[in-house]
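Novice: Attaching a single structure in structure tokens format; questions to follow.
Where a number appears in this text, it was derived from the coordinates with a stated rule and is not lab data. Remember, predicted model here, so these are calculated numbers, not experimental data. Cβ: placed from backbone, ideal geometry, glycine included. Neighbour counts: every protein chain shown.
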Amino acid sequence: MHDRILERAEGNPFFLEEIVRRLVDGGLIEHIEDRWRATSGIEEVEIPDTVQGVLAARIDLLDATDKRIAQAAAVVGRVFWPGPVADLTGAEPGDLDSALRRLEDRELVLSRPGSSLAGQPEYIFKHVLTRDVAYESLPRKERPRAHATVAAWLEATAGDRAVEFAEVLAYHYGTAAGLERDAGSPADPPLRRSALEWLQRASEDARRRFVVKKAERLAEEALSFATEPLERVGALTMLAEAFFTDYVGDLAWRYFREAATLRASIDPPDGRLVAYLAARACDITIRWPGSMTTVLVEADVREVLDLGFENVPPGDSEERVRLLGLRAGWLFSFPMASDADPDAYTAAGLEAADMAERLGMPNLASAALDNATGAWMASGNYSKVLPVWERRREIIPQVTDAFEIGDFWAMGGWINYELGDYPTALRYADAGLETIERIGAGNLDVHLRSWKAVTLHRTGRWDEALALYAEIRDTLDDRRDQPPYFASNAYGTAGQIHTSRGDVARSDQVIQILAPRYLGFSARLYPWLLRLHILRGELDAARAIQRPPAWRVHATDAYEAESELAWAIRDPNAAELAAEMRRYAFENGASSTGAFADRLTGRLAAADGDHATALLRLADAIGSFERLDAPWERALTVVEVGRSRSAMGDVDAARASWTDARATFERLGAVQDLGTVDALLGG
């Protein structure tokens, strides 16, 4: 028997312990004279193949009262209290206490030193499998009533604290109603409504704690119990909120839109709610398009926005603020929709912000001001965006919405990166990360970390950029290989660093993640994927990437990547591109774009043999990159200076340039560039 036990347990200590305890429970092992001894009949005992089988055998050995108590406790959960067990079994307090002591003596359950419910001792099944097996021994037809009884007891006992047990109540009410439904009979209406209510409460609680997958699951289950139209509106809204928090914009748009349309069809009308739901739906596509994997048809979004304006009551209101803000941000998602003056759109956003401040709603004012920047962002003019962001900064101390706080600081990093003010971009990113950590909203830092990673790359802090990239992937968890739009620049940055450092495997990994995600509309992904292909020497793949419709949102980055492609493929229109870039840089304050334009012009002049002009333009680019603190871009430009000096016969000056550049490449670990410059020095 000793050998059989060891063989069956297969090294699992819990299985081994339960086998021995099953033998003790059955009287096949007895404690005699300070030793455990086998008794007659042990040779014939059957040992189940699984630990669940052993546990089932132990529970079957209990007397009828103790087994009924164990089953009732299992309905409550792995952690349970005597109160609901008494309600389920009708056991008297003394009998219940005795039964629980016997279960504890057999080490099926354990008492706990404290309790989450005042006046109720708390117990726990020794192992979750013990609870599961005890529960499975309860006849299925008894389970719905049992779960409903436990839920009613807990709700009554917890009283004002019931919300603290929202997830437990959702489980019991939902299980009771679901089992009735699965059995083919309609759930009792009060039971169904209780399941719906507590599932929605639990979903909201999980969402507020940023446990988004649980929030989605609970909201989906709530929707399955929503049979009345108004109930469906509430459940759809809860589901949309959960997906919005999880950055799953496509589904958030779908469910908010469905909720708005459904509520508009129900009597009596509720114009404010319809307007609110319509605004929330459009908010996904106008303000947060990066959370979506598809570009919606403008007419479909316009229809929902119009529905909101048709239903919003006159006068100041939250709903009107939201709708005006969306009107302001329209060009951010649909830049080709109108040739109107961006100032007109900005004015709508400022009007919305003023209204929100009159209403004492700083969170909404922040959102309105963000939307007010949309038209100028759509044109790539971040010098016009900055003053509106500065006004938003004035109200941020009053803002409590974690999304707004995180977005504000991320926008500060983004705007200043586009303007070439990298120290300020880093300062705002760090301030935002510190704030997000302080308010406990860690999963909202991906956007912030992404812009910080990009800026660190530009300023030659490559190891720190890669460390941030790793943190972003950890935060995204199971979505790390399907990153949201707003993290694509961090992924592209990591790919560029890996490529420059000769880490082919990791560079390949980034390409495999990003390339399938570029579906022709991602303005954020476009420039970083384009330059990554160029660095990898994949010029055909780079040429195949077309400018997305909203490319001007990232015009600075797009122009920079396009200038590299134009030089790499010797584009005959490269001079026109350089001139266009120079105009853009002058009109929009994009200093880095001007530096890239000067480098492209210098390279083109050198290719034409005009090395004097080349040196002038390259010197301008070097000066700009030095002012920007962009050491890698500066070093790449210095290499070109060396080539022109070599072509002019000034070998010593050429070698001095290449040696200068080499020091930067060596510090960065840019082995790809080191190979290039060493070949030049060797030649």
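Novice: Rounded if a/c is under 1.5, else prolate if a/b beats b/c, else oblate: with a ≥ b ≥ c from the C-alpha gyration tensor eigenvalues square-rooted, which is region 2-140?
Specialist: Note, shape of region 2-140 comes out prolate.
Novice: Shape of region 301-369 from its Cα gyration tensor (a ≥ b ≥ c, root eigenvalues): rounded if a/c is under 1.5, otherwise prolate when a/b > b/c, or oblate?
Specialist: oblate
Novice: I've got another one for you. Provide the net charge surrounding residue 405, with neighbours chosen by a C-beta distance below 13 Å and charges set as Lys +1, Arg +1, Asp -1, Glu -1. Don't skip to the answer; put the middle values down first.
Specialist: Working: positive: 392, 393, 438; negative: 370, 401, 404, 407, 434, 437, 445.
Taking every other residue near residue 405 into account, the sum is -4.
Novice: Another question, if that's okay. All other residues with a Cβ under 13 Å from the Cβ of residue 240 taken together, and with Lys, Arg as +1 and Asp, Glu as -1, what is their net charge?
Specialist: Details: positive: 207, 232, 254, 257, 263, 280; negative: 204, 216, 220, 241, 246, 250, 258, 283.
That sum, taken over residues with Cβ under 13 Å, equals -2.
Novice: With an 8 Å Cα cut-off and a minimum separation of 6 or more residues, compute the relative contact order for the chain in percent.
Specialist: Worked out over the chain, it gives 6 percent.
Novice: In degrees from 0 to 90, rounded to the nearest 10, what is the angle of the helix 671-682 Cα long axis to the longest principal axis of the chain?
Specialist: 30
Novice: Measure nothing fancy, just the Cα-based angle from helix 591-607's long axis to the longest principal axis of the chain, in degrees from 0 to 90, nearest 10.
Specialist: 50
Novice: Quick check on region 570-682: take the gyration tensor over C-alpha atoms, sort the square-rooted eigenvalues as a ≥ b ≥ c, and tell me if it's rounded (a/c under 1.5), prolate or oblate.
Specialist: Here region 570-682 falls in the oblate category.
Novice: Another question, then. Defining a contact as two alpha carbons under 8 Å apart and six or more residues distant in sequence, what relative contact order in percent does region 16-165 show?
Specialist: Here the relative contact order equals 22 percent.
Novice: Let me ask you something else. Taking GluC sites (Glu not before Pro) that fall in a DSSP loop and have at most 13 other Cβ atoms within 10 Å as cut points, what is the longest piece of the chain between them?
Specialist: Values: sites that count: 10, 33, 46.
After excluding every exposed loop site, the longest remaining stretch is 47-683.
Novice: Follow-up question, since we're still on this one. What distance in nm lies between label points placed 7 Å from Cα along the C-beta direction at residue 575 and residue 540?
Specialist: Result: 3.1 nm between the two label points.
Novice: Only counting other Cβ atoms within 10 Å, I'd like 76, 51, 504, 671 sorted with the fewest neighbours first.
Specialist: In increasing order of surrounding Cβ atoms, one gets 504, 671, 51, 76.
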